[in-house]
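Enquirer: First the structure, then my questions, so here it is.
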Amino acid sequence: MPDILTAVDETAANVILSREISSLQPPPVSRTSTFGPFSIAWAVSTSFTSGTVDIIPPPTDVIRLSGVRLNYSANLKVTLDLGFLDFCLPRVCLTIPFVGRICTPRICLHFPTIEVPVSHASTVDFTADVRPSVTLAGDVWKVEAVIVGVPQLVLGPAATALLGTVGAAVTAALLLVPAIGPLLALASAVIFGALTVANLLGVLGALLTPLVAGLRIPLHKAPRLFEILPASGQDSAVFVRIDSVVATLDGSGGEDELILAIDISP
């Protein structure tokens, strides 16, 4: 029998998890992807808004988070290398009596590399299963909820519209190129046909998924040497040592709860 038993029901779990999920600040992630003549550099920052909590005891043995919202903001730099369109006009040579062979100069047209910044922000709602995890880190006991089921992130209409946003930004930049801008913009429109929505969303989804998979949500922490009575007058503080902490899900009492079983020693 453990020395201390404490229980958290679904009402309290909703309060605790909502607060902790909303305070999560995952570090920004970045990646560069290439699609033919296009190169897209991503930098994505995120935050979370909690949904609802359902404690499901064994045999399922998970805490189900429903309607969790992932808010993300992506800064992109689209690089379009049009060097593959470079060409040179053929030279024409003539042999003129008493002069010799004369050729027209070599004339080549080189297409530039265009860099265009694009900003995009949207949200993703998902459902995930988590399980309680207890670890001793140094001299601190940590109770966390760890995502064990990697949710499928379904990107919404705003993310789908990203392709149009990128295409419009690139075309506008190309139109500003002197002399050959309209020609470049036309070429870009043709090339963009090869860059599909699935390409962009696949990369964006791959960036966002690791921020959710394996996410650790803090629930509680306590020092291994725990003060139970503060110092008073001539009396020194009284401490106990927390020897073990075990977290389980239980529904045997008629209500689904997260149970912490704690063993202590003087």
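Enquirer: For segment 4-265, build the charge dipole from Cβ charges (+1 Lys, Arg; -1 Asp, Glu) around the Cα centre, then report which of Pro218, His120, Gly251 sits farthest towards its positive end.
Expert: Farthest along the dipole direction, towards plus: His120.
Enquirer: For labels at Asp235 and Leu85 in the simple 7 Å Cα→Cβ model, what's the distance in nm?
Expert: 8.4
Enquirer: If the chain between Thr95 and Asn14 were fully stretched, how many nm would it gain, using 0.36 nm times the residue separation less the Cα-Cα distance?
Expert: Additional length available on full extension: 20.2 nm.
Enquirer: When N counts the residues of segment 222-266, how does its alpha-carbon radius of gyration compare numerically with 2.2 N^0.38 Å, as a ratio?
Expert: For segment 222-266, the normalised Cα radius of gyration comes out at 1.62.
Enquirer: For a footprinting-style exposure proxy, rank Lys77, Lys142 by other Cβ within 10 Å, fewest first.
Expert: Lys77, Lys142
Enquirer: Taking the Cβ-Cβ separation of Thr127 and Gln25 as r and a Förster radius of 35 Å, what is the calculated FRET efficiency to the nearest 0.05?
Expert: After rounding to 0.05, the efficiency reads 0.95.
Enquirer: For Leu109 and Thr52 in one chain, what is 0.36 nm times their gap in residues minus the Cα-Cα distance, to one decimal in nm?
Expert: 14.5 nm
Enquirer: Still on this model: Quick check for you: which residues of segment 129-147 have the amide N under 17 Å from the point 7 Å beyond the Cα of Ala261 toward its beta carbon?
Expert: Only 132-135 pass the distance filter.
Enquirer: How large is the charge dipole for the chain, taken about the Cα centre, if only the Cβ atoms of Lys, Arg (+1) and Asp, Glu (-1) carry charge, to the nearest 20 debye?
Expert: Taking the Cα centre of the chain as origin, the dipole is about 2000 debye.
Enquirer: Along the Cα→Cβ direction, 7 angstrom out, place labels at Ala161 and Thr209. What is the inter-label distance in nm?
Expert: 2.6
Enquirer: Can you pull a Stokes-Einstein diffusion coefficient for the chain at 20 °C (1.002 mPa s), Rh from Kirkwood over Cα pairs, as a whole number of µm²/s?
Expert: Translational diffusion coefficient: 91 µm²/s.
Enquirer: From the residues Ser133, Thr165, Gly100, which one has its Cα farthest along the dipole of segment 4-265 in the positive direction, the dipole being from +1 and -1 charges on Cβ of Lys/Arg and Asp/Glu about the Cα centre?
Expert: The residue sitting farthest along the positive end of the dipole is Gly100.
Enquirer: How would Leu85, Leu208 line up from fewest to most surrounding beta-carbon atoms within 10 angstrom?
Expert: Taking fewest neighbouring Cβ atoms as first place, the list is Leu85, Leu208.
Since every read-out is calculated from the coordinates, none of them should be taken as a lab result. Values in this document were obtained by computation on a predicted structure and should not be read as measured data. Here the Cβ is made from the backbone with ideal geometry for all residues, glycine too, and neighbour counts use every protein chain on show.
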